[in-house]
Each structure stands twice: as C-alpha cells, then as structure tokens.
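Here is the structure we will look at.
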Amino acid sequence: MRLPRFEYFAPKTLEASLELLGQKGDGAFVMAGGTDMMVKMSHGRLKPRTIINLKEIPELHYIKFNPQNGLEIGSTALLSEVLNHADIIEHYPALIQAVQTMANIEVRNMATLAGNLCNAAPSADSAPPLMVMDAEVSLVSSRAKRKVKLMDFFLGPGATVKNVDEIMTAITLPAPRPQTGASYMRISARCGVDIAAAGVGVAIRLESEVLAEARIVLGAVAPVPLRAVKAEAALVGRQFDPETVQYAAQMASEEASPISDVRATRDYRKSMVAVLAKRAISEAYERSHARHS
Amino acid sequence: MKHNIRIVVNGDEYCLAVDPWKTLNEVIREDLNLTGTKLGCGTGDCGACAVIVDGKAVSSCLTLAVSVDGKSIKTVEGLAPSGEELHPIQESFVETGAIQCGFCTSGMEMAAFHLLSNNPSPTDLEIRKGLSGHLCRCTGYNQIVEAISLAANKMQGCHCKKEES
C-alpha cells in the first residue's frame with residue numbers, strides 16, 4: 001500500500017500554484033482533500049510526478065452566501081464545513097442530503113466538493129443536486145478564467161472539460177428563487193461510507209400550482225451524471241398529482257442506462273431510479289411550497 | 001527530496017525530514033513509534049487509523065505527512081493526560097467490554113473523542129452516526145455505543161465538578 005514517489009509543493013497563492021502547474025506540465029496534479037487521489041495512488045492507478053497541494057491557499061478556503069447573489073463554495077472548503085453551514089442548511093437542503101451520505105466523518109473532514117466533482121465518478125453524490133440547482137464551476141488557468149455549467153462539465157468516468165492547466169477554484173449556486181425546491185435521494189447497500197448504487201436529484205419551480213420548470217439528474221446509472229429530459233418534460237406544465245409523478249418516475253427509470261456490478265444489478269438500479277425519483281419529486285414539491293417569499 | 005516538517009504530537013514537538021510520499025500513518029507508526037494508531041484498509045473506509053489533526057478527526061492513511069507541517073496531532077497515546085491513568089473514554093471501553101481483538105479500538109476512541117468534543121451528550125443514534133466510518137470485525141458495536149454513552153456521563157460529571165470547585 002506504499003505510495004509511488006512524487007515531488008510535492010504547497011504554494012500559498014493561487015497564482016503560484018497555476019505557475020507551478022504550467023511549469024510542471026504533464027504528470028502534475030493538484031490535490032485538495034486527496035481522499036480519492038490517495039486511494040488511486042496506493043492502488044497504483046495514479047502515478048503523479050508532481051503533487052500541488054491547494055490546501056495552503058487561503059483564498060480558496062471559504063463559503064460565502066448572500067440572498068441576492070447566492071452561494072459560492074471555494075474549492076478547498078471541507079465537506080464537513082458545507083454540512084455545518086447554517087445558510088446551506090436553510091437554503092440548499094438538497095446539497096446537505098448529498099453531502100451527509102458521502103463517506104464518513106473522517107473523510108468529510110478532509111475531502112472537498114471540488115474534489116468530488118473533478119474526480120468525476122458517475123456516482124459522485126454531490127453532482128446531481130448541484131446540477132439540478134444550476135451550479136457553475138470556476139476554472140482558472142494562468143492565461144484565462146471561465147465559468148462552466150456543471151450540467152456541461154462531465155465527459156465520462158474520470159473525465160471532465162477541465163483542461164490539465166486549469167484549477168477549479170469555486171462552485172457557485174444561484175440565489176434560491178421563490179416557489180423553488182430541490183431534493184436528492186440515493187440508495188446503497190450500507191447507509192454511509194458506501195458508494196451510491198443509484199441517486200436522483202430533482203429541482204422544480206412552481207407557478208401557482210403548475211410545475212413551471214423541472215430538472216432531474218440521475219447518478220450512478222450512466223457513465224456521467226445523467227439529465228433525464230423525458231422525465232423533466234413529463235412534469236412541466238402539469239399539476240403535482242400521483243399519476244404525473246408516477247409517469248415522470250417511470251420515464252426517469254427508462255432513461256437510466258446502468259451497468260450491473262458488485263453493488264447492484266442493472267434491473268435493480270432501474271427500479272430504484274423510479275422509487276427515488278418519486279420520492280425526490282415529492283420532496284422538491286413540498287419544499288417549493290414551503291418557500292414562498 | 002525530503003521536506004522538513006515541524007509537528008506537535010500529543011504535546012511533544014517533533015522536527016522531521018520526511019519523503020513527500022510518506023503518509024501521516026507511516027510517520028506516526030514508523031518514525032515516531034506510536035503504534036497505537038493502526039492501519040486497516042488504507043482507503044478511508046475502516047477508521048482504524050483515525051487521529052485528530054487541529055481538532056478534527058481524519059484518516060491518517062489518506063493524509064500526506066508533509067501536508068500536516070505546523071499542525072497539532074493527537075493520537076490514542078495522547079488521550080490520557082499521563083501514561084499511568086486512562087482517559088474516561090478508555091475507562092468506559094474497559095468497563096463495558098467494548099474491546100474484543102482491539103484492532104479497531106484506538107480509532108473508535110479517537111472518533112469518540114471527536115464526537116464528545118463537539119457533542120458532549122449524544123443520543124445513541126448520534127453515537128452510531130459518529131462511528132459510521134469505523135468497522136469492528138469482531139462486531140461488538142453495542143458495547144462500543146454503550147461505552148461512549150458511559151464516557152459522556154463520566155466526562156460531564158468531571159466538567160460539573162470542575163465548575164463547582
């Protein structure tokens with residue numbers, strides 16, 4: 001279980017880390033919490049020549065919220081800090097639902113949301129709720145800065161649109177709008193620690209009693225967190241009633257294209273998507289009702 | 001190239017030259033010879049390697065030793081104020097029979113310490129959640145939950161006495 005050899009840097013500024021990343025080129029990796037990278041390295045699946053630790057950079061370690069601009073989470077904010085943040089608990093409960101199921105206390109004291117996204121596992125719990133709530137990620141290189149919709153971020157297992165010379169510096173979520181609600185539901189063999197067998201994120205917006213907008217993203221049932229467009233379409237323009245929810249859940253299940261593996265079979269995952277979608281749509285609806293102002 | 005780091009472990013200051021690819025677990029066990037901290041899975045799933053870094057429980061197997069430069073670390077050897085007596089958490093583990101083979105014990109005790117530092121009187125459910133990252137292959141979980149509940153009572157007792165005096 002020994003780690004491969006690498007050189008190590010812990011720059012104090014983003015500028016210095018970008019410069020290093022550019023200088024070192026291929027084989028250089030940035031590390032935030034390191035909880036995924038360390039496992040990959042000890043299993044011989046990742047052999048970095050250089051590791052640049054981002055955790056000594058104060059400007060990346062923050063969580064900011066205000067009711068006008070929304071939420072911004074710096075890339076080295078810990079999962080445990082997200083989980084205990086009063087504004088996130090109040091305004092973004094779907095994100096809390098995801099983070100509280102991720103790994104365990106020790107790992108949440110080290111790991112970060114940005115790391116979970118950049119690791120790009122199809123089962124990444126934080127991806128579906130962030131995607132349905134219209135999250136953007138900030139990618140910075142020594143030459144340019146850009147913002148990318150998280151919906152367009154993932155390309156495949158372990159692959160994203162982030163270039164090798166870019167660092168994810170922040171994740172932003174828009175301010176919560178009136179009559180909107182979101183939820184994340186997941187299932188796995190064990191309640192914590194274990195990777196999700198299936199997960200469903202839902203966000204909806206009501207106009208009086210009509211479902212005006214819907215976003216549904218499925219986790220762990222495709223090579224990337226998958227947007228369920230047919231299920232969304234089944235909700236939009238309708239009222240919340242059991243038949244509508246049942247039909248949308250069935251659509252989500254049909255859109256899922258999971259594999260069978262040690263955690264669950266393809267059929268089980270598809271069935272669970274329907275169950276989780278039904279629950280998540282219902283909870284998102286209840287929350288959108290509760291949020292009037 | 002080795003990196004010079006300065007860490008405080010259980011109140012003692014160490015200046016060490018470490019290879020960047022050494023984990024905190026390796027440095028604690030091999031360089032400092034503090035073998036109370038165990039290495040179980042090496043992937044952050046079992047909790048046997050838990051230590052406290054700057055007040056937070058972390059997996060020492062997933063932590064690079066270079067990355068804790070300047071930080072303060074508590075291992076199971078530092079739980080009790082001296083080598084003679086036991087910490088209330090350790091006493092409770094002994095009294096309730098929460099130790100079977102003992103391999104998970106130090107990690108469980110560090111998790112208990114982290115939990116009780118943040119939540120001095122947890123419910124049974126909160127204790128179970130606090131231990132969710134810890135595996136006991138002997139499966140003696142009930143006694144461990146009982147031990148932590150007992151420890152919470154003992155530590156609150158100590159706290160009250162101190163306030164009274």
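Here are a few things to note about the model shown:
- Check on A:K47, more than 19 Å from A:K162 (Cβ to Cβ), in the same structural domain as A:I96 (by TED's automatic domain parsing) and surrounded by fewer than 19 Cβ atoms within 10 Å (Cβ to Cβ): no
- Subset of the stretch B:28-63 [out of contact with any Gly (no Cβ under 7 Å at 6 or more places or on another chain) and under 21 Å from A:G44 (Cα atoms)]: B:L39, B:G40, B:C41, B:G42, B:T43, B:G44, B:D45, B:S60, B:T63
- Flag if B:E146 is in a loop (DSSP other than H, G, I, E, B) and among the acidic types (D, E): no
- Residue that is surrounded by the fewest Cβ atoms within 10 Å (Cβ to Cβ) [pool: residues in the stretch A:1-19 that are within 14 Å of chain B (Cβ to nearest Cβ) and without any contact (Cβ under 8 Å) to a residue 40 or more places away in the chain]: A:R5
- Breaking point among (1) touching a residue at least 12 places away in the same chain (Cβ under 8 Å); (2) out of contact with any Pro (no Cβ under 9 Å at 6 or more places or on another chain); (3) under 23 Å from B:T35 (Cβ atoms), for B:T96: (3)
- Qualifying residues in the stretch B:71-91 (those that are aliphatic (A, V, I, L, M) and touching a residue at least 40 places away in the same chain (Cβ under 8 Å)) - the one farthest from B:T105 (Cα to Cα): B:I73
- Across the stretch A:95-112, the number of residues qualifying as more than 14 Å from chain B (Cβ to nearest Cβ) and either crowded, with 24+ Cβ neighbours inside 10 Å or among the basic types (K, R) (or both) comes to 2.
- Residue within the stretch A:119-131 that is touching a His at 6+ places or on another chain (Cβ under 6 Å) and either more than 17 Å from A:V221 (Cα to Cα) or surrounded by fewer than 24 Cβ atoms within 10 Å (Cβ to Cβ) (or both) present: no
- Within the stretch A:30-53, residues that are within 15 Å of B:L24 (Cβ to Cβ) and more than 7 Å from chain B (Cβ to nearest Cβ) have Cβ atoms under 7 Å from residues that are in a helix (DSSP H, G or I) and not hydrophobic (A, V, I, L, M, F, W, C) in these pairs: A:G33/A:G115, counting only partners at least 6 apart in sequence or on another chain.
- Qualifying residue in the stretch B:1-16 (condition: touching a Phe, Trp or Tyr at 6+ places or on another chain (Cβ under 7 Å) and under 20 Å from A:D36 (Cβ atoms)): no
- Considering only residues in the stretch A:166-188 that are of a type outside the set (V, I, T) and closer than 19 Å to A:V273 by Cα, the one that is surrounded by the most Cβ atoms within 10 Å (Cβ to Cβ) turns out to be A:Y184.
- The single residue among A:G25, A:G74 that is modelled with pLDDT under 95 and away from chain B (no Cβ under 14 Å) turns out to be A:G25.
- Selection within the stretch A:231-255: residues that are surrounded by 19 or more Cβ atoms within 10 Å (Cβ to Cβ) and aliphatic (A, V, I, L, M). The member of this set that is nearest to A:K270 (Cα to Cα) is A:A252.
- Near pairs, Cβ below 7 angstrom, 6+ apart or cross-chain, from the stretch B:19-43 (more than 14 Å from chain A (Cβ to nearest Cβ) and closer than 21 Å to B:G102 by Cβ) to any residue that is small (G, A, S) and not in a loop (DSSP other than H, G, I, E, B): B:I28/B:S60; B:G36/B:S106
Residues checked against (1) surrounded by fewer than 17 Cβ atoms within 10 Å (Cβ to Cβ); (2) at pLDDT 95 or above; (3) of a type outside the set (D, E):
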{"position": "B:T96", "(1), (2), (3)": "no, yes, yes"}
{"position": "B:C101", "(1), (2), (3)": "yes, yes, yes"}
{"position": "B:L115", "(1), (2), (3)": "no, yes, yes"}
{"position": "B:P122", "(1), (2), (3)": "no, yes, yes"}
{"position": "B:L125", "(1), (2), (3)": "yes, yes, yes"}
{"position": "B:N142", "(1), (2), (3)": "yes, yes, yes"}
{"position": "B:E146", "(1), (2), (3)": "no, yes, no"}
{"position": "B:L150", "(1), (2), (3)": "no, yes, yes"}
{"position": "B:S165", "(1), (2), (3)": "yes, no, yes"}
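- Selection within the stretch A:132-142 - surrounded by fewer than 24 Cβ atoms within 10 Å (Cβ to Cβ) and either modelled with pLDDT under 95 or in contact with a helix residue (DSSP H, G or I) (Cβ under 6 Å, 6 or more places away or on another chain) (or both): A:S142
- Some residue of the stretch A:236-250 being without any contact (Cβ under 8 Å) to a residue 24 or more places away in the chain, more than 21 Å from the chain's Cα centre (by Cα) and not in a helix (DSSP H, G or I): yes
The values are calculated or read from the model by the stated rules, or taken from the named source; none is laboratory data. A quick note: this is a predicted structure, and the numbers were derived from the prediction, not measured. Methodologically, a virtual Cβ is constructed for each residue, glycine included, from the backbone with ideal geometry; neighbour enumeration extends over all protein chains shown.
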